[in-house]
């Protein structure tokens, strides 16, 4: 059902171990090489800049025409879809309109004629979370999530002629910028507050005086800007032309996130569920303070940071996906749809798979098939059966029911074919 382009060759180069290489994505590999990284560990550490060896990858990821086609075909509203001129946001009424359907309800859609006029005069178009609309971007963000073990969102920016961009600002998350087409001037400065947050006790308001890096991003260039680093981008004084870039945002977990998670786990202990002693004697209130004071280290020690990070990955629901339940024929091709790689726990004769908030138990003999089905790339069930000698249809059934895997549609297959290994 829904056969797509075949992705890769199964079995021969996939070691039967949870530490195997998974979801070999060309853009992730190109970013690592461009920045001189050998993994995600430098993410959030220092500013980095480089160029991809194969800039042609950029047009496979996105072009201005495909972005505008996406904008044309989908209901959009501010702030997900925005336009700017001269550094100021344009009122949505200038490029959005309510379009009535035959039965009455209206949808907010882009006025493509007005958008064209804005582009002709010079503007910046911003579309957030393109990964929710575009299968290639969806697969790319999933690959980056498996690589970084952090949630990833992609926003895209199309700037025409000599339009200015945003003023100097900082983001509350790490970003990797990929210049997909054209050119744009950038300026980057270091942080004025260590590890600033979206919800914080104070806000960084003034950038440092020294410029860390300034230059022109050209097609295939890659830049990593850590959280809190000030930056701005513009095409001012560049004349005719355009710039298209994608910004991948990585929201990493902090000590605040861990403490919030631990606070939820504190409900397991009676002492934290009891009412606070508002009206007691000074002696009873002091005794309560001591009891709570000594209980806090116990609950934090019981739930360390590593447990929190692992639980976050295993409990994250799977992404939205098509489910037909065999209405249009038997499932032939599947792909893992979890935001993070599923975790394997080994027993004596069984193997537990943890992901999407589920725990599934299989016989250990099913392990070779599970590694292929949960590799993060599309696989054909008949081919998995032939290469492993295991009935892949039987193994895939519980994975599909639990949402760890999904039926492969033609659109989803196209997202993998654009930039995945073996395409």
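Which fully enclosed strands (runs of 3 or more DSSP E) of the range 124-234 have 3 or more residues being crowded, with 17+ Cβ neighbours inside 10 Å and in contact with a helix residue (DSSP H, G or I) (Cβ under 9 Å, 6 or more places away or on another chain)? It comes to 151-160, 174-189, 221-225. Picking from residues in the range 344-374 that are in contact with a helix residue (DSSP H, G or I) (Cβ under 6 Å, 6 or more places away or on another chain) and touching a residue at least 60 places away in the same chain (Cβ under 8 Å), the one that is nearest to residue 400 (Cα to Cα) is 372. Among the residues of the range 297-316, the one identified as more than 26 Å from residue 342 (Cα to Cα) and surrounded by 13 or more Cβ atoms within 10 Å (Cβ to Cβ) is 299. Applying the selection to the range 380-412, what residues are in contact with a strand residue (DSSP E or B) (Cβ under 8 Å, 6 or more places away or on another chain) and either at pLDDT below 95 or assigned to a loop (DSSP other than H, G, I, E, B) (or both)? Within the range 380-412, 403, 404, 408, 412 qualify.
Residue-wise test of (1) within 21 Å of residue 245 (Cα to Cα); (2) surrounded by 15 or more Cβ atoms within 10 Å (Cβ to Cβ); (3) under 21 Å from the mean Cα position of the chain (by Cα).
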residue	(1), (2), (3)
50	yes, yes, no
57	yes, yes, yes
69	yes, no, no
102	no, no, no
105	no, no, no
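Residue pairs whose Cβ atoms lie under 6 Å apart, sitting 6 or more positions apart in sequence or on different chains, and linking a residue in the range 96-122 that is closer than 16 Å to residue 72 by Cβ to a partner that is in a helix (DSSP H, G or I), are 110/71; 112/72. Look at the range 154-177: where a residue is closer than 20 Å to residue 197 by Cβ and not assigned by TED's automatic domain parsing to the domain that holds residue 67, no partner that is in a loop (DSSP other than H, G, I, E, B) and modelled with pLDDT of 95 or more sits 6+ places away or on another chain with Cβ atoms under 9 Å. When the range 230-257 is filtered for residues that are in contact with a strand residue (DSSP E or B) (Cβ under 6 Å, 6 or more places away or on another chain) and closer than 30 Å to residue 308 by Cα, the ones remaining, listed by number, are 247, 248, 249, 250, 251.
Listed here are the residues, each with its yes/no results for (1) in contact with a helix residue (DSSP H, G or I) (Cβ under 7 Å, 6 or more places away or on another chain); (2) in contact (Cβ under 8 Å) with a residue 24 or more places away in the chain; (3) over 19 Å from residue 144 (Cβ atoms); (4) in the same structural domain as residue 244 (by TED's automatic domain parsing).
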residue: 36; (1), (2), (3), (4): no, no, no, no
residue: 42; (1), (2), (3), (4): no, yes, no, no
residue: 54; (1), (2), (3), (4): yes, yes, no, no
residue: 57; (1), (2), (3), (4): yes, yes, no, no
residue: 68; (1), (2), (3), (4): no, yes, yes, yes
residue: 72; (1), (2), (3), (4): yes, yes, yes, yes
residue: 75; (1), (2), (3), (4): no, yes, yes, yes
residue: 78; (1), (2), (3), (4): yes, no, yes, yes
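The values are calculated or read from the model by the stated rules, or taken from the named source; none is laboratory data. Source: prediction; values computed, not measured. Because the Cβ atoms are built from the backbone with ideal geometry, glycine has one as well, and the counts that use them run over all protein chains shown.
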